[in-house]
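Take a look at the structure below.
The values are calculated or read from the model by the stated rules, or taken from the named source; none is laboratory data. The model shown is predicted, which means the values in this text are computed figures rather than measured ones. A quick note on method: Cβ atoms are made from the backbone with ideal geometry, for glycine too, and the neighbour counts reach across all protein chains shown. Please note that ligands, DNA and RNA were not included when accessible areas were found on the heavy atoms of the full protein model with its side chains. Shrake-Rupley method; radii C 1.70, N 1.55, O 1.52, S 1.80 Å.
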Amino acid sequence: QVQLVESGGGLVQAGGSLRLSCAASGRTFSSYARAWFRQAPGKEREFVAAITWTGGMTYYTDSVKGRFTISRDNAKNTVYLQMNSLKPDDTAIYYCAADVVYHGSSAGSYAYWGQGTQVTVSS
């Protein structure tokens, strides 16, 4: 059974930091593109960041560039999202996704998803 499990969410004040993790099991995801999306209440799921299977290329939505960093440890089958200088607008459920192919910001194209972890940033 393939599973992606996110962790690391929580409540933080504006300007603070959190590090999200997404651990994969049931399959080796070392050759898969990995991505993070988020969904705020009443809004559609939006792309946050992605990383190619080698880690050589990373992509970010404009609103998080310079504040968030995506990375991966293929030996641990885990991808991370370091989030710094958090803002209230970053409040959302954060989901990790994986697929053989990098699909950019197209949420519907990723085959594997985690259950999400809540990030709340207070002002």
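Based on Cα atoms of the stretch 1-57, Rg over Rh with Rh as the Kirkwood radius reads 1.01. Sorted largest first, the spans of the alpha carbon positions of the chain along the three principal axes are 39, 27, 23 Å. Determine which residues of the stretch 107-123 fall in the zone a paramagnetic label at Q13 would reach in this model, i.e. backbone nitrogen under 14 Å from the point 7 Å along Cα→Cβ. Residues 121-123 qualify, since their backbone N sits under 14 Å from the label point. The stretch 100-123 to the stretch 5-37: how many Å between their Cα centroids? Going from one Cα centre to the other spans 9 Å.
Could you give log10 I(q)/I(0) at q = 0.14, 0.19 Å⁻¹ for the stretch 44-112, computed by the Debye formula over C-alpha point scatterers of equal weight, without solvent? Summing over Cα pairs of the stretch 44-112 leads to -0.42, -0.79. Within the accessible surface of the chain, defined with a 1.4 Å probe on protein heavy atoms only, the carbon and sulfur portion equals 48 percent.
Net charge within 13 Å of E6 by Cβ-Cβ distance, Lys/Arg positive one each and Asp/Glu negative one each, not counting E6 itself?
Details: positive: R19, R34, R38; negative: none.
Net charge around E6: +3.
Charge tally around G55: other residues with Cβ under 12 Å, Lys/Arg +1 each, Asp/Glu -1 each, net +1.
Residues whose amide H falls under 5 Å from that of T91, counting only those 5 or more places apart or on a different chain, are V121, with hydrogens built in the peptide plane. With a cut-off of 9 Å between beta carbons, the residues surrounding A107 carry a summed charge of -1, where Lys and Arg count +1 and Asp and Glu -1.
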